[in-house]
Amino acid sequence: MSSTTPITKAVIPAAGMGTRFLPATKAMPKEMLPVVDEPAIQYVVAEAADAGLDDILMITGQNKRAMEDHFDRAPALEATLRDKGDTKKLDAVQYATGLGDIHYVRQGQALGLGHAVLCGKQHVGNEPFAVLLGDDLIDARDTLLTTMLETQQRLGGSVIAVMEVPEENVSAYGVVDAGGQDKEPGAEVVPVHRLVEKPPVEEAPSNLAIIGRYVLHPAIFDELERTPPGKGGEIQLTDALQAMAAKPVEDGGGVHAVVFRGRRYDTGDKLSYIKAVVTLAVDREDLGPDLRTWLKEFASGL
Ligand code: UTP
């Protein structure tokens, strides 16, 4: 069942406790950790804006202040930079405020990603919407989200993004059983039959791991309300999607996966975060040349 109403809303869950990054995340959300010189969440908000999603709902937790301040105007700082004639820094500071219409809702308790998405029910209403995880970055040169939005509009139901990961890593992700006869010819869009959250390696249906981008049918909200705590005692979005996969498309059911083969940077754990910062810095005109030279010297001494 295709739809022609454009999708305009994005939900960005950023209320997790970020325990893998303690103590840095004791008083600050992990989504505010700098990736080169921008907080991780700014890349995610910019990605949503680039895909035409200008109504952004952030799900925040205890430490929401830093995120609200970051996306708000900073009159005193802006005046100082203006007085100094530092237009480059002024533009950089103002960039975050112009990215869209950003709203906040608080998830009182970190009860899981599914619960965080459910907190967006009232704001989203009865229309398909995107979910972007605030600690998962997709390179701006890749157009994953746009492909996912088009796929949802064409096929209805919900759309997830998956990536091939080494088999030994599957237990860190939701994993899907996808594809088969009804696979679209030559396309990187496959129907999803089963989704399992963080399975043991020997029980994983494949090595296709769910990554942090979703375009969901609003029927997911009723499903999330019925979803009991799953893996880790948390209300899992993967479990609600498993139920949606079994439903007919006229009830908002059906799940398709876009197989992503582009550049993704996970900033949620320490090693991946360090790799993300280095990879993105090496590509920057202002830092890349010096950093490359230094990295070669550094690596030769290891
Ligand atoms: P993660 O499982 O990666 O986040 O959730 P976490 O729980 O903060 O991480 P660790 O394992 O303790 O280090 C994926 C995304 O979902 C959000 C997180 O903020 C992150 O962006 N999330 C997770 C919520 O908003 N609420 C939750 O209850 C759980």
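Every number here is computed from the coordinates shown, using simple stated rules; none is lab data. Predicted, not measured: the structure shown is a model, and the values here were computed from it. Methodologically, a virtual Cβ is constructed for each residue, glycine included, from the backbone with ideal geometry; neighbour enumeration extends over all protein chains shown.
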Longest principal axis of the chain (C-alpha) makes with the long axis of helix 40-50 (C-alpha) an angle, in degrees to the nearest 10, of 70 degrees
Residues meeting the amide H criterion for Lys198 (H placed from the backbone, H to H distance under 5 Å, 5 or more places apart or on another chain) are Tyr173, Gly174, Val175
Protection-proxy order for peptides 29-39, 236-246, 260-270, 78-88, each taking the mean of Cβ atoms within 10 Å per residue, highest first | 236-246, 29-39, 260-270, 78-88
Charges only on Cβ, +1 for Lys and Arg, -1 for Asp and Glu: so what's the dipole of the stretch 4-128 about the Cα centre, in debye to the nearest 20?
-> 540 debye
How far apart, in nm, are two points set 7 Å out from the Cα along the Cα-to-Cβ line at Arg106 and at His123?
-> 1.4 nm
Reach of Lys9 by Cα under 21 Å, taken over lysines that are not fewer than 8 positions away in the same chain = Lys64, Lys121
Estimated distance in nm for a label pair at Ala49 and Phe298, the labels positioned 7 Å out from Cα along Cα-to-Cβ = 3.0 nm
Size of the dipole of the chain about the Cα centre, Lys and Arg at +1 and Asp and Glu at -1 on the beta carbon, nothing else charged, in debye to 20?
-> 540 debye
Gained length - Val249 relative to Val278, 0.36 nm times residue gap less alpha-carbon distance | 6.1 nm
Report ³J(HN,Hα) in whole Hz for each residue of the stretch 52-59, in order, from the Karplus equation J = 6.51 cos²θ - 1.76 cosθ + 1.60 where θ = phi - 60°; Gly and Pro get x.
-> x, 8, 10, 10, 10, 10, 9, 9
If you count the DSSP beta bridges with both ends in the stretch 1-102, what percent of them are antiparallel, to the nearest 5?
-> 20 percent
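With both bridge residues required to lie in the chain, what share of the DSSP beta bridges run antiparallel, to the nearest 5%? Before the final figure, lay out each step's value.
Numbers: 24 of 43 bridges.
That works out to approximately 55 percent antiparallel.
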